[in-house]
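Just below is one structure, and these are the notes that go with it.
The values are calculated or read from the model by the stated rules, or taken from the named source; none is laboratory data. Bear in mind that the values here come from a model prediction, so they are computed numbers and not experimental data. Cβ placement follows ideal geometry from the backbone for every residue including glycine, while neighbour counts extend to all protein chains displayed.
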Amino acid sequence: MSDDNAIISIRNLDKTYASGFTALKNINLDIRRGELFALLGPNGAGKTTLIGSVCGIVTPSGGRIHANGYDVVRDYRAARSLIGLVPQELATDGFESVWATVSFSRGLFGKPPNPAYIEQLLRDLSLWDKRHARIMELSGGMKRRVLIAKALSHEPEILFLDEPTAGVDVDLRRGMWEMVHGLRKRGVTIILTTHYIEEAEDMADRIGVINRGELVLVEDKHTLMAKLGKKQLTVYLQDPLNGLPAALARDGLEVSNDGYALTWTYDLHREHNDIAGLMRDLQAQGIHFRDLHTQQSSLEEIFVELVKERS
Amino acid sequence: MNIHAIRAIYRFEMARTGRTLLQSIASPVISTSLYFVVFGAAIGSRMVEIDGISYGAFIVPGLVMLSLLTESISNASFGIYMPKYSGTIYELLSAPVSVGEVILGYVGAAASKSIILGTLILATARLFVDYQIEHPLWMLGFLVLTSVTFSLFGFIIGVWADGFEKLQIVPMMVVTPLTFLGGSFYSIDMLPPVWQTVTLFNPVVYLISGFRWSFYGVSDVPVGISAAMTALFMLACVAVIHRMFATGYKLRT
Ligand SMILES: Nc1ncnc2c1ncn2[C@@H]1O[C@H](COP(=O)(O)OP(=O)(O)OP(=O)(O)O)[C@@H](O)[C@H]1O
Ligand SMILES: [Mg+2]
């Protein structure tokens with residue numbers, strides 16, 4: 001299952017913490033160059049642990065991780081130079097200025113100073129006006145953007161965003177996604193976690209779902225939606241029905257409580273979702289309808305179902 | 001070698017000192033001055049000379065050492081403890097830096113501060129007592145070696161500590177007593193013979209003795225042994241730090 005196009009490859013990764021708790025179980029995952037990969041999972045699933053293992057914060061108990069071909073343990077210098085990390089926790093040096101802390105990060109990652117680049121970065125993140133402010137004077141959302149600026153300060157090829165939008169208002173969130181789009185255009189590979197599933201639905205190329213330390217699914221987003229998505233057809237009736245006529249009966253077809261609607265839930269990938277057939281049968285029964293409506297289940301519903309199923 | 005990283009860490013740490021100038025520079029200088037006033041000028045004038053050196057002058061090297069040790073430890077331990085405490089350590093752990101580079105940055109900054117501090121204390125002492133420095137290069141050598149060694153030691157304490165109490169317990173409960181009992185205020189041959197032997201197990205004795213030798217040419221133990229013991233302690237600290245990072249001790253989970 002090795003992928004030549006993989007910028008990150010994770011093989012048989014295990015992590016058992018000193019407490020004895022096993023947070024990751026035999027994770028195998030390839031992240032493709034230039035993609036936006038969304039890692040979803042409930043609280044405590046192991047998302048942060050997985051990211052920490054790649055970035056050098058968590059020492060894996062077993063397995064191998066490569067970033068652009070470099071072993072993250074043995075060739076840590078080459079591997080880490082490629083990676084930027086925005087942590088989940090808002091950890092900042094309160095007494096430092098925004099400018100100083102972002103410049104510090106660039107140096108720490110081995111890059112010579114580049115004030116013009118840092119300026120552009122701070123402007124992109126709407127932090128330019130705050131460049132001289134001490135970090136403790138900033139709001140939570142601003143601090144999160146400072147962390148993003150720090151992570152991007154050394155122009156990484158791979159960016160990990162561990163819940164970047166937690167506590168960020170709608171406007172700024174939109175701005176942040178614009179920036180992420182811009183990074184992708186430049187070829188930056190992005191791995192993000194989020195609890196806002198609709199964000200993943202909008203943004204991601206591929207989705208991974210982790211639950212209780214196990215990677216339960218990795219799939220192209222569209223394939224996933226098509227494969228797991230259920231479609232629902234609602235037929236609004238002119239006259240109410242008293243229960244479902246036997247002639248109409250088929251899997252997943254129900255009458256609403258007030259009798260004014262029929263809902264038919266079917267799997268997208270099933271063969272026998274014969275809508276035309278249903279229409280003919282309605283006609284034959286003399287049932288007239290006012291309107292039709294179809295709806296496809298969202299990633300959130302898919303996700304909730306997946307996690308529920310496995311736990 | 002990630003020179004940019006070393007420079008970034010060093011600058012960051014020096015900037016931190018800049019913000020806490022009162023605490024990290026002014027307060028040790030003032031408290032040491034008080035010692036000079038009380039022991040050097042007031043009491044010292046009634047004390048007999050030790051090894052032909054006036055008491056006020058005799059205590060100068062020991063007092064400089066006292067500040068050097070405590071300040072090196074507290075500066076270096078604080079420097080690495082704070083990122084652990086605030087969580088910003090994640091960045092250091094995820095950065096392409098080696099143990100050596102981290103040490104050069106943090107310990108280099110802490111040692112620089114100590115050297116500046118030691119120099120300031122010596123300059124201040126001049127206002128109260130008259131002393132000479134017979135071997136200035138050795139004096140400088142001991143000043144630098146001690147600052148580096150105890151900054152390394154402080155770094156270890158900072159990594160080891162998981163609370164503010166632990167951070168302060170070693171300087172307060174171990175280093176200060178050892179320094180007071182290490183001949184800061186007396187020559188160890190003023191002690192009863194049994195205690196002279198016991199004292200030789202106190203590593204600080206070697207530091208103070210060597211340092212004092214560089215001032216006045218007299219010492220409790222041969223200067224070569226002093227230098228060797230200090231260097232040995234330094235190597236031990238480096239080894240411990242290397243081991244800590246290799247195993248991720250208290251840093252990586
Ligand atoms: N240092 C640690 N020692 C012991 N257990 C830990 C440690 N860090 C995390 N864990 C445990 O490992 C599991 C996974 O934690 P992790 O932080 O990776 O979850 P997550 O998916 O990021 O969750 P969230 O969505 O809440 O951020 C949790 O059960 C957590 O309690
Ligand atoms: Mg997490």
The listed residue being in contact with a Gly (Cβ under 7 Å, 6 or more places away or on another chain) and either within 16 Å of ligand 2 (Cβ to nearest atom) or not assigned by TED's automatic domain parsing to the domain that holds residue A:42 (or both), out of A:134, A:144, A:212: A:144
Here's a check for you: in the range B:51-105, which residue that is charged (D, E, K, R) and within 14 Å of chain A (Cβ to nearest Cβ) is nearest to residue B:165 (Cα to Cα)? B:84
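Suppose we keep only residues that are hydroxyl-bearing (Ser, Thr, Tyr) and within 16 Å of ligand 1 (Cβ to nearest atom) within the range A:36-87. Which one would you say is surrounded by the most Cβ atoms within 10 Å (Cβ to Cβ)?
Within the range A:36-87, the subset hydroxyl-bearing (Ser, Thr, Tyr) is A:48-49, A:53, A:59, A:61, A:70, A:76, A:81.
Still in the running and within 16 Å of ligand 1 (Cβ to nearest atom): A:48-49, A:53, A:59, A:61.
On the way: A:48: 21, A:49: 22, A:53: 25, A:59: 15, A:61: 14.
Result: A:53.
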Being more than 23 Å from residue A:298 (Cβ to Cβ), β-branched (Val, Ile, Thr) and more than 16 Å from ligand 2 (Cβ to nearest atom), is that true of even one residue in the range A:165-182? no
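Would you say residue A:207 is crowded, with 16+ Cβ neighbours inside 10 Å, more than 16 Å from ligand 1 (Cβ to nearest atom), away from chain B (no Cβ under 14 Å) and part of a strand (DSSP E or B)? Lay out the reasoning, then the answer.
On the way: crowded, with 16+ Cβ neighbours inside 10 Å: yes; more than 16 Å from ligand 1 (Cβ to nearest atom): no; away from chain B (no Cβ under 14 Å): yes; part of a strand (DSSP E or B): yes.
No.
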Checked against (1) modelled with pLDDT of 85 or more; (2) in contact with a helix residue (DSSP H, G or I) (Cβ under 8 Å, 6 or more places away or on another chain); (3) among the β-branched types (Val, Ile, Thr), residue A:263 satisfies every condition except (2)
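Table: residues versus (1) in contact with a helix residue (DSSP H, G or I) (Cβ under 7 Å, 6 or more places away or on another chain); (2) modelled with pLDDT of 90 or more; (3) of a type in the set (Gly, Ala, Ser).
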position	(1), (2), (3)
B:73	yes, yes, no
B:111	yes, yes, yes
B:127	no, no, no
B:156	yes, yes, no
Hey, any hits in the range A:57-65 for a residue that's within 11 Å of another protein chain (Cβ to nearest Cβ), closer than 24 Å to residue A:143 by Cβ, hydrophobic (A, V, I, L, M, F, W, C) and in contact with a His (Cβ under 9 Å, 6 or more places away or on another chain)? no
Pairs, first farther than 11 Å from residue A:9 by Cβ in the range A:48-70, second near ligand 1 (Cβ under 10 Å from one of its atoms) and part of a helix (DSSP H, G or I), C-beta under 6 Å, six or more apart: A:58/A:49; A:58/A:52; A:60/A:53
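If you check residue A:188 against the conditions, is it within 27 Å of residue B:89 (Cα to Cα) and at pLDDT below 90? It would help to see each step written out before you state the result.
Working: within 27 Å of residue B:89 (Cα to Cα): yes; at pLDDT below 90: no.
Against the criterion (within 27 Å of residue B:89 (Cα to Cα) and at pLDDT below 90), residue A:188 does not qualify.
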Kindly indicate whether residue B:10 is in contact with a helix residue (DSSP H, G or I) (Cβ under 6 Å, 6 or more places away or on another chain) and either more than 9 Å from chain A (Cβ to nearest Cβ) or under 30 Å from residue B:189 (Cα atoms) (or both). yes
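Can you find even one residue in the range A:145-157 that is under 29 Å from residue A:21 (Cβ atoms) and more than 16 Å from ligand 1 (Cβ to nearest atom)?
Step one: filter the range A:145-157 for residues under 29 Å from residue A:21 (Cβ atoms), giving A:147, A:151.
Adding the requirement that they be more than 16 Å from ligand 1 (Cβ to nearest atom) leaves A:151.
Within the range A:145-157, one or more residues are under 29 Å from residue A:21 (Cβ atoms) and more than 16 Å from ligand 1 (Cβ to nearest atom).
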Output the number of residues of the range B:1-28 satisfying the condition of being in a helix (DSSP H, G or I) and either among the hydroxyl-bearing types (Ser, Thr, Tyr) or modelled with pLDDT of 85 or more (or both). 17
Can you tell me which residue is surrounded by the fewest Cβ atoms within 10 Å (Cβ to Cβ) among those in the range B:157-185 that are without any contact (Cβ under 8 Å) to a residue 40 or more places away in the chain and charged (D, E, K, R)? B:165
Which residue is nearest to ligand 2 (Cβ to nearest atom), if the candidates are limited to the range A:3-37 and must be free of Cβ contacts under 8 Å to residues at least 40 places away in the same chain and of a type in the set (Asp, Glu)? A:30
Within the range A:142-160, can one find any residue that is over 26 Å from residue B:93 (Cα atoms) and either loosely packed, with under 15 Cβ neighbours inside 10 Å or in contact with a strand residue (DSSP E or B) (Cβ under 9 Å, 6 or more places away or on another chain) (or both)? no
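Residue by residue through the range A:74-99, note down the ones that are part of a loop (DSSP other than H, G, I, E, B) and either of a type in the set (Ser, Thr, Tyr) or closer than 22 Å to residue A:21 by Cα (or both). If you could, list the steps in order and put the result at the bottom.
We begin by selecting, within the range A:74-99, every residue part of a loop (DSSP other than H, G, I, E, B); these are A:74-75, A:82, A:87-96.
Hits for the range A:74-99 are A:87, A:88, A:89, A:92.
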Filter result for residue A:31 (outside any loop (DSSP other than H, G, I, E, B) and either more than 13 Å from chain B (Cβ to nearest Cβ) or crowded, with 22+ Cβ neighbours inside 10 Å (or both)): yes
